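Enquirer: Next up is a structure, given as structure tokens.
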Amino acid sequence: MSLQSADKSRLHNLGFPRIGARRELKFVQEAFWKGEIGEADLLATAAGLRQQNWQRQSGLDLIPVGDFSLYDQVLDMSFTLGNLPARVQGLDGSELDQFFRVARGRSANDSDCHCVHAGEMTKWFDTNYHYIVPEFSAETRFSLNPNRLLSHLEEARAQGHSAKPVLLGPVTYLLLGKAKDETQPLSLLAQLLPVYAELLKQLADKDVEWVQIDEPALVTELSPEWQAAYRTAYAVLANSGVKLLLTTYFGQLGENLDLACSLQVEGVHLDAINAGHEVETVKRRLGADQVLSLGVVNGRNIWKTDLNKVLDWLEPVARDLGERLWIAPSCSLLHVPVDLDSEQTLDAEVLSWLAFAQQKLDEIRVLHRALNEGRDAVAAELAENRCALNSRRSSPRVHNPAVQKAVAAIDVALGERQSPYLRRAALQRDKLNLPLYPTTTIGSFPQTQDIRKARLAFKRGELAAVEYETRMKQEIEFAVRQQEALGLDVLVHGEAERNDMVEYFGEQLDGYAFSQFGWVQSYGSRCVKPPILFGDISRPRAMTVAWSQYAQSLTDKPMKGMLTGPVTILNWSFVRDDQPRSISCQQLALAIREEVQDLERAGIDIIQIDEAALREGLPLRRSQWAEYLAWAVESFRITANGVADTTQIHTHMCYSEFNDIIEAIAHMDADVITIETSRSDMELLDVFDEFHYPNEIGPGVYDIHSPNIPPVEQMVKLMRLAAQRIPAERLWVNPDCGLKTRQWSEVIPALQNMVDAAKVLREAE
Ligand code: GLN
Ligand code: ZN
């Protein structure tokens, strides 16, 4: 049945990817920063992208405006609020110069002067997008600078679109920022709200009807003070002349549900993908003239929506709410690639299951028509959708009974080493015979132009497999000889053959697919192309053994096998929505476990399993951390712990916070963990010390992000600080992370100093 046209629900979007289907934005940003193009060219491309993006959204009742950014939308908001860090205030140049100075530490024109440190960057909620952290201090004064937003509004209207400005809301803005002094961000609220009020008034003066005000902090755990801030803020912003759509996403409102529904706004957007069970309650709590916008298409994954299933539950809601129901994707589409139509090489069957931003909007259009005109009006679309979903549900490429059986058979014993750490350590000491303060590196050596060229030629079919293999073996031999000459104790093969630590494994596992243009913005001009985990995971053959075995054959020193762990592979992929993440992780764990055991059989005595992204999977709410950590750590244990006591398992994590997860880290039970510490003066080790972390640790002593060569004394000093916290017998000496982004000319002297530092330390014992 269909609704009366007067009761029509509205269709809108929360945000669109700004990078362009072919990463056009990235290329002009980088050309501009290198001085190859001027500001006018950059701005022209940006305007062109906005135009295309709005075009792609045409037909929607409301189109987001202000979501486009030349770097980051949070930084845009800081500029709109006149909140520039003191260090760039007063520097000459245009507003764009200032903008890029905060974003990158320099403007395009700062060849040698005016370099300031860039704003800190951090993860946007639980996504892999990174925003520039707003900075606050006692000196912070807000002042309205609405020009960017107003000009985009005018631009969209001139192109015939009905625009809905998008703003990051005041409470989330303050919550995401950091004070550089003792200032409490919340204490700035009173000063901030008049600026928002003035902005809303100016939008009202331009006859803007609706403003989308993003408050994703409402899906996180908030202290009573922050909850109160919401009440204050939206009381002040009420009656501003525009209608506010309070927009929440990335999760459920939980204990903030009543709060969100009691704020003085004209509508609320709820992420019905993650908070489907809250729809009914929110619907009941909202006032009779408030709009409920439901995010019914997942803005975080690349799968087609089950449209019939959505309609089954959405139709009754639409009947109840009539024009008070709006529909949209669950969140901004910033987190998915632009357009599936660009894909030429993706397997046709897998392709038929996918939807990128453009296709997700098409889905919303179909749902909207079905609601307003009845399902018959879109019968063909719904049938096609059902057909694609059925094919995915029943495809043998997705469902592998052998893998499912293996997962079902997992028990705790699989994750257990034969003996406790102390016994293993003694056995490993006898076998490996390493000195005190053993030296090693984290895995990769410089990915030179030559290596990249060879890989590209091989991929394009211009270089035969045997020749490619020979080339990579030369690189491995070179890396081994360098390490021997430096006197390192535990060597690595250097990872020359790997493009990326996740893609390399994904390409060799069954159950993974790769897009050509499935780029998603990570930060600024940096984009990532997450592999697509679509099916049950299995490992048809060994993936790294031949390379490691070859490397070991070149030297008498121990050669570390080098793998990426299941949690990191999972967290850096687009994952399935038809089974829990934990199951996909277990499947990955079983596949990588086979690789670990094959390496061991091939005579590799030390195996490193990188888990750089373990922390990235932490849920937004702390109350859910324990559940995630339980299956994530268990997956690591399944991967790692099927080896003999004499085989030494290493893990590596290059993020810098262990305080709240130390128990989980200890439970991983890796014989050695290497971490990034060089920039924190070893303070990161405090928590390992306090926790009495029992196993060995390699705290990074060499900041690999910088081209500087760390002096011997500096590394000795850092290791002495480490030894105040961790007994020397359990310390390793290594860089913070892999060296693939460095040059050999930097790496050799730095590692020479590192090896010399270890000698100084040993002699002093
Ligand atoms: N083994 C990887 C490397 O050395 C680790 C990279 C990482 O932790 N991000 O490059
Ligand atoms: Zn690292």
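The values are calculated or read from the model by the stated rules, or taken from the named source; none is laboratory data. What you see is a predicted model; the values in this text were computed from it and never measured. All Cβ positions, glycine included, derive from the backbone under ideal geometry; neighbour counts span all protein chains shown. Remember, those area values only see protein heavy atoms, side chains included, never the ligands or the DNA or RNA. Shrake-Rupley method; radii C 1.70, N 1.55, O 1.52, S 1.80 Å.
Enquirer: Taking the range 584-624, which residues are more than 16 Å from ligand 1 (Cβ to nearest atom) and in a loop (DSSP other than H, G, I, E, B)?
Expert: Once the filter is applied, which keeps residues that are more than 16 Å from ligand 1 (Cβ to nearest atom) and in a loop (DSSP other than H, G, I, E, B), the range 584-624 yields 602, 603, 605, 618, 619, 620, 621.
Enquirer: To continue, here is another question. Give me a count of the residues in the range 180-201 that are in contact with a Ser or Thr (Cβ under 6 Å, 6 or more places away or on another chain) and not in a helix (DSSP H, G or I).
Expert: 3
Enquirer: Ok, one more. Check off (1) under 29 Å from residue 86 (Cα atoms); (2) surrounded by 15 or more Cβ atoms within 10 Å (Cβ to Cβ) for residue 225 and give me the number that stays unchecked.
Expert: Failing condition for residue 225: (2).
Enquirer: Return the residues of the range 577-610 that are of a type in the set (D, E, K, R), touching a strand residue (DSSP E or B) at 6+ places or on another chain (Cβ under 8 Å) and closer than 18 Å to residue 501 by Cβ; say none if nothing qualifies.
Expert: Correct list: 595, 610.
Enquirer: So, of the residues in the range 720-760 that are within 16 Å of ligand 1 (Cβ to nearest atom), modelled with pLDDT of 95 or more and open to solvent by 50 Å² or more (accessible area, probe 1.4 Å), which turns out to be nearest to the chain's Cα centre (by Cα)?
Expert: Selected residue: 740.
Enquirer: Next question. Give the residue, chosen from 93, 160, that is at pLDDT below 95 and on the phi > 0 side of the Ramachandran plot.
Expert: 93
Enquirer: Can you tell me how many residues in the range 535-573 are open to solvent by 10 Å² or more (accessible area, probe 1.4 Å), outside any loop (DSSP other than H, G, I, E, B) and touching a residue at least 12 places away in the same chain (Cβ under 8 Å)?
Expert: The number of residues fulfilling the criteria is 7.
Enquirer: One residue is enough: does the range 741-763 have a residue meeting the conditions within 16 Å of ligand 2 (Cβ to nearest atom), in contact with a helix residue (DSSP H, G or I) (Cβ under 9 Å, 6 or more places away or on another chain) and under 15 Å from residue 684 (Cα atoms)?
Expert: no
Enquirer: Restricted to the range 706-719, and to residues that are within 29 Å of residue 500 (Cα to Cα) and either within 16 Å of ligand 2 (Cβ to nearest atom) or among the β-branched types (Val, Ile, Thr) (or both), which residue is modelled with the lowest pLDDT?
Expert: 706
Enquirer: Closer than 30 Å to residue 102 by Cβ and within 16 Å of ligand 1 (Cβ to nearest atom) - does that describe any residue in the range 571-583?
Expert: Yes, the range 571-583 contains a residue that is closer than 30 Å to residue 102 by Cβ and within 16 Å of ligand 1 (Cβ to nearest atom).
Enquirer: Given (1) open to solvent by 50 Å² or more (accessible area, probe 1.4 Å); (2) within 22 Å of the chain's Cα centre (by Cα), where does residue 125 come up short, assuming only one miss?
Expert: The one condition residue 125 does not meet is (1).
Enquirer: Just to verify a result, which residue in the range 243-302, among those that are in a loop (DSSP other than H, G, I, E, B) and of a type in the set (Asp, Glu), is farthest from residue 573 (Cα to Cα)?
Expert: Ranking the qualifying residues of the range 243-302, first place goes to 289.
Enquirer: For a quick check of your reading of the model, give me the residue pairs whose first member lies in the range 247-263 and is free of Cβ contacts under 8 Å to residues at least 60 places away in the same chain and surrounded by 19 or more Cβ atoms within 10 Å (Cβ to Cβ), whose second is assigned to a loop (DSSP other than H, G, I, E, B) and among the small types (Gly, Ala, Ser), with beta-carbon atoms closer than 7 Å and at least 6 apart or on different chains.
Expert: 252/275; 253/275
Enquirer: Anything in the range 439-477 that is touching a strand residue (DSSP E or B) at 6+ places or on another chain (Cβ under 7 Å) and away from ligand 2 (no atom under 16 Å from the Cβ)? List them, or say none.
Expert: 439, 475, 476
Enquirer: A further question on this structure: Just for the range 661-681: of the residues that are at pLDDT below 95 and away from ligand 1 (no atom under 16 Å from the Cβ), which one is least open to solvent (accessible area, probe 1.4 Å)?
Expert: That would be 680.
Residue-by-condition table, conditions (1) surrounded by 19 or more Cβ atoms within 10 Å (Cβ to Cβ); (2) more than 23 Å from residue 203 (Cα to Cα):
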{"position": "24", "(1), (2)": "no, yes"}
{"position": "38", "(1), (2)": "no, yes"}
{"position": "52", "(1), (2)": "no, yes"}
{"position": "58", "(1), (2)": "no, no"}
{"position": "72", "(1), (2)": "yes, no"}
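Enquirer: If I filter the range 497-511 for residues that are away from ligand 2 (no atom under 16 Å from the Cβ), surrounded by 20 or more Cβ atoms within 10 Å (Cβ to Cβ), assigned to a loop (DSSP other than H, G, I, E, B) and modelled with pLDDT of 95 or more, do I get at least one hit?
Expert: Scanning the range 497-511, I find at least one residue that is away from ligand 2 (no atom under 16 Å from the Cβ), surrounded by 20 or more Cβ atoms within 10 Å (Cβ to Cβ), assigned to a loop (DSSP other than H, G, I, E, B) and modelled with pLDDT of 95 or more, so the answer is yes.
Enquirer: Something else: One residue is enough: does the range 130-143 have a residue meeting the conditions charged (D, E, K, R), in contact with a His (Cβ under 9 Å, 6 or more places away or on another chain) and open to solvent by less than 50 Å² (accessible area, probe 1.4 Å)?
Expert: no
Enquirer: Exactly one of these conditions fails for residue 508: (1) touching a helix residue (DSSP H, G or I) at 6+ places or on another chain (Cβ under 9 Å); (2) touching a residue at least 24 places away in the same chain (Cβ under 8 Å). Give me its number.
Expert: (1)
Enquirer: State the number of residues belonging to the range 637-658 that are open to solvent by less than 10 Å² (accessible area, probe 1.4 Å), part of a helix (DSSP H, G or I) and closer than 26 Å to residue 430 by Cβ.
Expert: Matching residues across the range 637-658 total 2.
Enquirer: Next question. If residue 528 meets every condition in (1) open to solvent by less than 10 Å² (accessible area, probe 1.4 Å); (2) within 16 Å of ligand 1 (Cβ to nearest atom); (3) in contact with a strand residue (DSSP E or B) (Cβ under 7 Å, 6 or more places away or on another chain) apart from one, which number is that one?
Expert: So residue 528 meets the others, but not (1).
Enquirer: Residues of the range 159-175 being open to solvent by less than 10 Å² (accessible area, probe 1.4 Å) and aliphatic (A, V, I, L, M), which ones?
Expert: 167, 171, 174
Enquirer: Then there is this: Out of the range 626-660, which residues are modelled with pLDDT of 95 or more and of a type in the set (Gly, Ala, Ser)?
Expert: Listed by number, the residues that qualify are 626, 630, 632, 635, 640, 642, 644.
Enquirer: State which residue pairs qualify: first residue on the phi > 0 side of the Ramachandran plot and inside the range 118-133, second residue of a type in the set (A, V, I, L, M) and open to solvent by less than 30 Å² (accessible area, probe 1.4 Å) in any location, beta carbons under 9 Å apart, and separation of 6 or more residues or different chains.
Expert: Pairs that qualify, where the first residue is on the phi > 0 side of the Ramachandran plot and the partner is of a type in the set (A, V, I, L, M) and open to solvent by less than 30 Å² (accessible area, probe 1.4 Å), are 125/217; 125/219.
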